[in-house]
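**Q** Sending over a structure as structure tokens; questions will come in a sec.
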């Protein structure tokens, strides 16, 4: 049998992209309901349903595993069970000899690691927002910006003096001045 496996990813939360390419080639598709690396129940179900000679098709390596260790463990399980895995984006199948250069293989590995990092960051940001935490660089206190603008308009201070006194960089000062001008124009 040919099985497909999809799960929500940072760039395909509804699995639409994956389903589009995987569904044409599979008889049965196992679809995870969440993006978390933990408790991947559908993957476990898939692994339990496999018989010798079966094939698993996934859109890309990262759809199947969250770490290189997990990917290697899945390779080992499938090799013992005489099951092949086909990665569509990479055009690699575990039951075929590789005829790619080291550069091509490193490109696939780097893309896998990039996908892992992006997914982790997006999940982390989402969890932080749910807990009410603010995301991103902290804003400079408005009092410092007001002081920097006053110093700038007085004409008595250099940009270096303003930065030393207020901690406001030149780009932040100019951005604040520009937004003030835009406010005055819209009134």
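**Q** If I take every Cα pair under 8 Å that is 6 or more residues apart in the stretch 142-186, average their sequence separation and divide by the length, what percent do I get for the relative contact order?
**A** 38 percent
**Q** On to the next question. Taking the 0 to 90 degree range and rounding to the nearest ten, how far is the long axis of helix 102-130 tilted relative to the main principal axis of the chain, both from C-alpha atoms?
**A** Tilt of helix 102-130: around 60 degrees.
**Q** Using a basic spin-label model with each label point 7 Å from the Cα along Cα→Cβ, how many nm lie between residue 130 and residue 42?
**A** 1.8 nm
**Q** Quick check: pseudo-label points 7 Å beyond the Cα along Cα→Cβ at residue 73 and residue 17, how many nm apart are they?
**A** 2.6 nm
**Q** Express as a percent, rounded to the nearest 5, the fraction of DSSP beta bridges in the stretch 2-97 (both residues included) that run antiparallel. Please list the in-between numbers first.
**A** Details: 3 of 14 bridges.
Beta bridges within the stretch 2-97, antiparallel portion: roughly 20 percent.
**Q** Okay, next question. Roughly what % antiparallel, to the nearest 5, for the DSSP beta bridges in the chain? Numbers along the way, then the final one.
**A** Numbers: 3 of 14 bridges.
Bridges in the chain that DSSP calls antiparallel: roughly 20 percent.
**Q** How far is helix 68-80 tilted, in degrees, relative to the longest principal axis of the Cα atoms in the chain, given as a value from 0 to 90 rounded to the nearest 10?
**A** 10 degrees
**Q** I've got another one for you. Compute the helix-to-body angle for 170-186: its Cα long axis versus the longest principal axis of the chain, expressed 0 to 90° and rounded to tens.
**A** Once rounded, the angle reads 80 degrees.
**Q** First check a/c for the stretch 142-186, with a ≥ b ≥ c the square roots of the eigenvalues of its C-alpha gyration tensor; if it is under 1.5, answer rounded, and if not, answer prolate when a/b is larger than b/c or oblate otherwise.
**A** Note, shape of the stretch 142-186 comes out prolate.
**Q** Using alpha carbons only, how many angstrom separate the centre of the stretch 1-61 from the centre of the stretch 113-153?
**A** For the stretch 1-61 versus the stretch 113-153, the Cα centre distance is 35 Å.
**Q** Subtract the Cα-Cα distance of residue 161 and residue 184 from 0.36 nm times their separation in residues, and report this length gain in nm to one decimal.
**A** On the way: separation 23, 0.36 × 23 = 8.28 nm, distance 2.66 nm.
The span from residue 161 to residue 184 would gain 5.6 nm if fully extended.
**Q** Let me ask you something else. Consider the candidate values [x] 53, 18, 15; [y] 26, 21, 14; [z] 28, 20, 14; state which one is semi-axes √(5λ) of the Cα gyration tensor in Å computed from the structure displayed.
**A** Identified label for the calculated read-out: [x].
**Q** Full extension from residue 146 to residue 105: what is 0.36 nm times the residue separation minus their Cα-Cα distance, to one decimal in nm? Walk me through the numbers before you get to the answer.
**A** Values: separation 41, 0.36 × 41 = 14.76 nm, distance 5.37 nm.
Here the answer is 9.4 nm.
Values in this text are rule-based calculations from the coordinates and carry no lab data. Quick caveat: nothing in here was measured; it's all calculated off a predicted structure. Cβ: placed from backbone, ideal geometry, glycine included. Neighbour counts: every protein chain shown.
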